[in-house]
1. Quick check on the range 195-211. Is at least one of its residues assigned to a helix (DSSP H, G or I), within 16 Å of ligand 3 (Cβ to nearest atom) and modelled with pLDDT of 95 or more?
2. State whether the residues of the range 49-58 include one that is surrounded by fewer than 21 Cβ atoms within 10 Å (Cβ to Cβ), under 20 Å from I28 (Cα atoms), more than 24 Å from the chain's Cα centre (by Cα) and away from ligand 3 (no atom under 12 Å from the Cβ).
3. Kindly indicate whether E85 is of a type in the set (D, E) and farther than 23 Å from C148 by Cα.
4. Of the numbered conditions (1) outside any helix (DSSP H, G or I); (2) buried (at least 17 other Cβ atoms within 10 Å of the Cβ), S248 fails exactly one; give the number of that condition.
5. If I go through the range 47-69 residue by residue, how many of them are touching a helix residue (DSSP H, G or I) at 6+ places or on another chain (Cβ under 6 Å), in a strand (DSSP E or B) and not β-branched (V, I, T)?
6. I want to confirm something. Restricting to the range 235-245 and keeping residues that are surrounded by fewer than 17 Cβ atoms within 10 Å (Cβ to Cβ) and part of a helix (DSSP H, G or I), which single residue is modelled with the lowest pLDDT?
7. Here are A232, A176: which of them is more than 30 Å from I104 (Cα to Cα), crowded, with 24+ Cβ neighbours inside 10 Å and modelled with pLDDT of 95 or more?
8. What are the pairs with Cβ atoms under 7 angstrom where one residue, in the range 103-123, is under 15 Å from Y194 (Cβ atoms) and the other, located anywhere, is of a type in the set (S, T, Y) and outside any helix (DSSP H, G or I)? Sequence gap at least six, or different chains.
Amino acid sequence: MNITLRLQRFDPETAAPVAKYQEYDIEISDVSTVLDAIIKIHEEIDGTVAMRYSCRSSICGSCAVKINGSAALGCKTRLVEVAEEGGTITVEPVGNLPVIKDLISDFQPFWDKIRSISPYLKTTGPEPENERIASNESMANLLTAVNCIMCGCCVSDCTVLEVDPSFIGPAALAKAWRFTSDPRDSATNDRLKYLNDIDGGMWDCTRCLKCIEVCPKQVAPMDRIMEMREAAIEAGNTNTAGYRHTESFYNSVKKNGRLDETRLAIDSAGWTNIPRLLDLAPIGIAAMRKGKLPPLIPHKSEDHKKVQELYERVENDTE
Ligand code: SF4
Ligand code: SF4
Ligand code: FES
């Protein structure tokens, strides 16, 4: 097939480095991948194009790039999946990480965050004579997160990291889940408390689903984060705005069949958190002036009894 690759180029050694795009027209087999096409360009047209890769089999995780705006593995994405005959494919380095050159990003911030969650088993007690035994079921449960190849696709497209680089991010949180869910680990409560308490921890995910969408190994980081939130609450960590937000949401929909947005804001801030409540006051006044302030005493939804029945069914469902 004939295809145009529009590659983002960036050379840090030029006088005033700036990212720009360069197009390459190539003819290549239609079973080829985006990585095959970049290698062809590198070998036959322009040896200065820089790209990181190793296994070419979706195992090492090193060839992650943005393809037409979404993070993906270059070696797993076939050209025909992202362009038609004669079409153009735009390839850029992964997002939310600094660019070193062309399509190569600096993964140091990624690894720093992985290290920060202590990505190894912590055990207590005497060393066993052989290995530490774990049930097949408990290991099968870990398979989702164990499949992570540290490619960074989830981090690249995380919408929170785009605006707040201090968020620990989906890859590190999925890795943390892997250890909090391992029955051999003896630091589960400490891990949960740490990720519950730190700024940029488990409560900063906005559940945008992007990490689930782009993960090439079905780790589903967002689902892992939600499971960790539940575990953190069950372990008694209820001191965060995130937990208060969840609880207020749950209670107001249960009571009224709809969300009480005023109460949600105050509950999330904390009724005794005067500085935070003072921060919210101008927003409330601006909303009132524009007639957008929700009623202070919330109306009940017409169907609120049905909503309560649903709650009862879910709460009584022990399976
Ligand atoms: S679901 Fe959460 S962790 Fe995943 S990309 Fe969205 S904000 Fe980031
Ligand atoms: S969770 Fe998925 S997208 Fe994120 S680093 Fe692991 S394999 Fe890559
Ligand atoms: S080159 Fe290893 S995952 Fe693509």
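The values are calculated or read from the model by the stated rules, or taken from the named source; none is laboratory data. Bear in mind the structure is a predicted one, so any value in this text is a computation, not a measurement. As a convention, Cβ positions derive from the backbone with ideal geometry for all residues, glycine included, and neighbour counts pool all protein chains shown.
1. Within the range 195-211, the first condition is being assigned to a helix (DSSP H, G or I), and the residues that meet it are 195-197, 202-204, 210-211.
Add one more test, that the residue is within 16 Å of ligand 3 (Cβ to nearest atom), and what stays is none.
No: the range 195-211 contains no residue that is assigned to a helix (DSSP H, G or I), within 16 Å of ligand 3 (Cβ to nearest atom) and modelled with pLDDT of 95 or more.
2. Taking every residue of the range 49-58 in turn, at least one turns out to be surrounded by fewer than 21 Cβ atoms within 10 Å (Cβ to Cβ), under 20 Å from I28 (Cα atoms), more than 24 Å from the chain's Cα centre (by Cα) and away from ligand 3 (no atom under 12 Å from the Cβ).
3. Spelling it out, E85 is indeed of a type in the set (D, E) and farther than 23 Å from C148 by Cα.
4. (1)
5. Number satisfying all stated conditions: 1.
6. Taking the range 235-245 first, the residues surrounded by fewer than 17 Cβ atoms within 10 Å (Cβ to Cβ) are 235-236, 238-239, 241, 245.
Among the residues that remain, those that are also part of a helix (DSSP H, G or I) are: 241, 245.
Working: A241: 84, H245: 88.
Within the range 235-245, the match that is modelled with the lowest pLDDT is A241.
7. So the residue among A232, A176 that is more than 30 Å from I104 (Cα to Cα), crowded, with 24+ Cβ neighbours inside 10 Å and modelled with pLDDT of 95 or more is A232.
8. K122/S186
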